[in-house]
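Encoded as structure tokens, the structure appears first; notes follow it.
Where a number appears in this text, it was derived from the coordinates with a stated rule and is not lab data. Since the model is a prediction, treat every value here as computed from it, not as a measurement. Using ideal geometry, Cβ is built from the backbone for each residue, glycine included, and neighbour counts are taken over all protein chains shown.
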Amino acid sequence: DYINAAARQMLGEPAEKAETTDSCLPRLPELNPALCDALRAWYRTGAAQQRDIDRPRRLRAQFHRIETALGPRALIVLLDLSVEDERVRRDKLAALGRLIASIAHEVRNPLSSIRQAAELLPESTSAGERDQLTTIITRHSDRINRLVEDVLGAARAPRVNPQVVDLREWLTHRSAERRERWRNEGQPFELTLEAPDRPALVRVDSTHLWQVVDNLCDNAERHGRPADGRLILRLALTPTAQGDWQIRVCDNGPRIEADDRNALFEPFFTTHSKGTGLGLFVARELALANRGDLLLDQAATDDHSGNCFCLTLPGAPTDEQTGETTYSRE
């Protein structure tokens with residue numbers, strides 16, 4: 001039997017002793033009782049191929065049966081998980097640093113505008129000037145509040161209240177509301193809905209569904225307008241071979257740069273000066289919480305222009321398809 005110096009150190013022996021001690025394996029129960037118990041269990045059942053051990057440090061022991069000239073033997077490979085734990089800790093600290101820097105950057109700009117307006121307010125001589133400065137303070141205060149709400153929403157684990165929703169009916173009403181809103185705002189647009197002539201039943205939290213689709217439409221309105229300013233938004237509802245349903249939200253604006261695609265769903269990533277960079281991140285988190293997914297599907301644009309986001313949602317089980325369907329118009 002043999003144990004090398006690295007394994008001795010991982011099992012708790014001082015480095016000096018591990019380097020000088022005879023390499024013959026000492027009594028394992030004395031060296032590491034937990035590893036001894038794991039080895040006995042593996043000998044007895046042969047089922048557990050690996051086991052994690054917490055003392056003296058976090059280890060993963062992998063057991064392998066090998067044939068030698070002296071007969072069958074056990075090969076134990078020890079992996080030091082504390083190294084991986086330290087890497088994860090460093091990654092978390094780095095992510096936290098990026099998060100703090102992003103929040104600080106997003107808050108600093110509106111705070112600067114608020115301070116400047118507040119300093120000018122006592123010097124204003126007309127009601128018009130005071131109203132203008134007050135509007136600046138209110139607008140940037142709302143921006144900071146929106147950032148705080150977005151951060152809290154991103155940090156909060158979404159509570160899912162699934163119900164059966166007919167996506168065809170739901171999208172019909174939502175697209176009509178969106179058309180009316182844009183028409184009242186005087187915005188140049190064209191909005192089309194492509195859907196099959198049959199119910200499209202899914203199980204989803206209707207509030208989350210509204211948040212995701214509304215975010216994608218707002219995103220297209222903000223980023224997806226071409227140079228002439230006329231937004232063409234296409235909503236397409238299609239089934240999948242697995243029984244799920246997909247909603248595609250496609251615009252005719254400039255294509256997202258290749259360098260930006262991998263970061264689209266990262267928190268605080270934005271290419272817009274007034275964006276918080278949390279919209280797509282929160283939207284994808286809500287999709288995942290409802291056992292769905294959200295991704296960028298560039299191939300869905302027929303002429304290879306514009307951008308297309310694809311929301312996948314699980315189809316309602318067969319025994320629920322005869323039940324009452326619902327959609328939210330809130």
Q) Taking the simple approach of a point 7 Å from Cα along Cα-to-Cβ for both Asp52 and Asp214, what is their distance in nm? A) 4.0 nm
Q. Cα-based Rg (one decimal) and Dmax (whole number) for the stretch 163-320, in Å?
A. 15.3, 49
Q | Dipole of the stretch 84-155 [Lys/Arg +1, Asp/Glu -1 at C-beta], most positive-end residue of Ala127, Thr138, Ile114 | A | Ile114
Q. What are the residues whose amide H is under 5 Å from the amide H of Ile232, where those residues sit 5 or more places off or on another chain and H is modelled from the backbone?
A. Glu190, Asn252
Q.
Please list, ordered by chain and number, the residues whose modelled amide H lies under 5 Å from the amide H of Gln163; skip anything fewer than 5 residues away on the same chain.
A. Val204, Asp205, Ser206
Q: Kindly write out, for the stretch 249-257 in residue order, the coupling ³J(HN,Hα) from the Karplus curve 6.51 cos²θ - 1.76 cosθ + 1.60 (θ = phi - 60°), rounded to whole Hz, with x marking Gly and Pro.
A: 10, 10, 10, 10, x, x, 5, 5, 4
**Q.** the stretch 173-226 - Rg (one decimal) and Dmax (whole number), Cα, Å
**A.** 12.8, 36
(Q) Can you tell me, using C-alpha contacts under 8 Å and at least 6 residues apart, the relative contact order of the stretch 45-162 as a whole percent? (A) 14 percent
Q: Could you pull the Cα extents of the stretch 84-155 along its three principal axes, largest to smallest, in whole Å?
A: 64, 21, 10
Q | D (Stokes-Einstein, µm²/s), Kirkwood Cα radius, the stretch 135-242, 1.002 mPa s at 20 °C | A | 131 µm²/s
Q: Compute the FRET efficiency between Arg222 and Arg60 as 1/(1 + (r/R0)^6), taking r as their Cβ-Cβ distance and R0 = 51 Å, and round to the nearest 0.05.
A: 0.60
(Q) Given an 8 Å cut-off on Cα distances and at least 6 residues of separation, report the relative contact order of the stretch 163-320 as a percent. (A) 24 percent
